[in-house]
Structures are given as C-alpha cells and as structure tokens.
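Inspection log for the structure reproduced underneath, given as structure tokens.
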Amino acid sequence: MEQDARHEANQYLTFTLEDEVFALEIDKVREVLDFCTVTKVPRAPSYMRGVINLRGNVVPVMDMRRKLSMEGAMVSVNTCIIITEVLVGSETMVLGAMADSVQEVLDLEPDQINPTPNMGTGIENNFIRGIGKRGEQFVMILDIDRVFSGCEFSVAQDEVQIEAA
C-alpha cells in the first residue's frame, strides 16, 4: 500500500500553454472538463476568466496563460478546464485552471526531475517545483498552491462570493 502511495505521488497531469508543456501533481487534480460557458466577474483580475457552475457549486476559472504572464489565447476545441484543489493557508479551495489542452498522465521518478535553475535576480520562479523531461521536451512541474497563493487568490475569491450572492 505504501509503495502505491509513493507511485501516485510521482504522477503528473500534463497540459499545454502556447508551445510549452506544464504539469500538476495528479493528487491536486479533481477532474478535467471541456471548456464551457464562463460567467465574467466584474472588476476581477485579468487572469480570472470568471466562474462556472460545477454541480451546484460556484468555481472560479483562472486563465493559466495570463497568470503565467503569457499572451491570452482564443478558445479552441482542445481548450479545457482542469479542476484543481489549491491550498490557501490551511483551507483547500476548488479552482478551475484553463489550459490550451490536456496531454497525458506522466510518471516521473524523483531522479527524473531536475531542480528549478537559478534564473538570476528579479525573475520569480518559486511556483515551479522542478523540470522533468518527456522525450526531448521539458515539462515544467508547477506548484499550483504557489501559482495562486496569497492575497491574489483571496481577492478573486471575494469577487466570486459577491457575484454568487
């Protein structure tokens, strides 16, 4: 049983943003949805696409491209929403992360993951857990809790609660 738990911790859901491949720990992923209608939230941060109704619950949807300082994308047939669990302080929140496409569940052993290189001063990369490889392509393994950490997520959550009221 312990070996199975260790094996699952090494599984990652891979997805694309532009031409880059990113990954999330599989235990942080609840499900993957086809892109659906997203209701805009007034005065929300630019990376917040809006909210969706997920089985009666209001779930904020974040544009991963914009959150990672990339150019926003047009929605395509492959666009999806990855429903994740994000730890904010001691509370777990459900969040939708919009991606260009989902690729696969990838098994990576710890020795296949390189630490994040030092990019120099002024470049924040503490939201990257490490860099793995799939064939010849690099896979950026994200720490989703840090991508949406602190007051930025709190602001988005406050806006969602106002809209839902």
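The values are calculated or read from the model by the stated rules, or taken from the named source; none is laboratory data. A quick note: this is a predicted structure, and the numbers were derived from the prediction, not measured. We place every Cβ from the backbone using ideal geometry, glycine too, and count neighbours over all the protein chains shown.
Is it the case that Ile81 is over 14 Å from the mean Cα position of the chain (by Cα) and surrounded by 19 or more Cβ atoms within 10 Å (Cβ to Cβ)?
Answer is no for this residue.
Quick one: count up the residues across the stretch 86-119 that are outside any strand (DSSP E or B), of a type in the set (A, V, I, L, M, F, W, C) and surrounded by 14 or more Cβ atoms within 10 Å (Cβ to Cβ). Explain how you work it out, then say what you get.
Keep residues of the stretch 86-119 that are outside any strand (DSSP E or B), which gives 89-90, 100, 108-113, 115-119.
From what is left, the residues that are of a type in the set (A, V, I, L, M, F, W, C) are 108, 113, 119.
After this cut, where a residue has to be surrounded by 14 or more Cβ atoms within 10 Å (Cβ to Cβ) as well, the list is 108, 113.
So the count comes out to 2.
Testing Val51 on (1) assigned to a loop (DSSP other than H, G, I, E, B); (2) over 16 Å from Arg146 (Cα atoms), one condition comes back false. Which one is that?
For Val51, the failing item is (1).
When you scan the stretch 13-67, how many residues do you find that are surrounded by fewer than 17 Cβ atoms within 10 Å (Cβ to Cβ), charged (D, E, K, R) and more than 13 Å from Cys80 (Cα to Cα)?
8
Looking at (1) touching a helix residue (DSSP H, G or I) at 6+ places or on another chain (Cβ under 7 Å); (2) modelled with pLDDT of 90 or more, can you tell me which one Val77 breaks?
(1)
List, please: which pairs have Cβ atoms under 7 Å, are six or more places apart or on different chains, and start with a residue in the stretch 54-80 that is free of Cβ contacts under 8 Å to residues at least 60 places away in the same chain and over 12 Å from Val94 (Cβ atoms) and end with one that is charged (D, E, K, R) and not in a loop (DSSP other than H, G, I, E, B)?
Final answer for the pair search is Asp63/Arg49; Glu71/Arg65; Gly72/Asp63; Gly72/Arg65; Gly72/Arg66; Ala73/Arg65.
Is it the case that Arg66 is among the basic types (Lys, Arg), assigned to a strand (DSSP E or B) and more than 17 Å from Asp143 (Cβ to Cβ)?
No, not satisfied.
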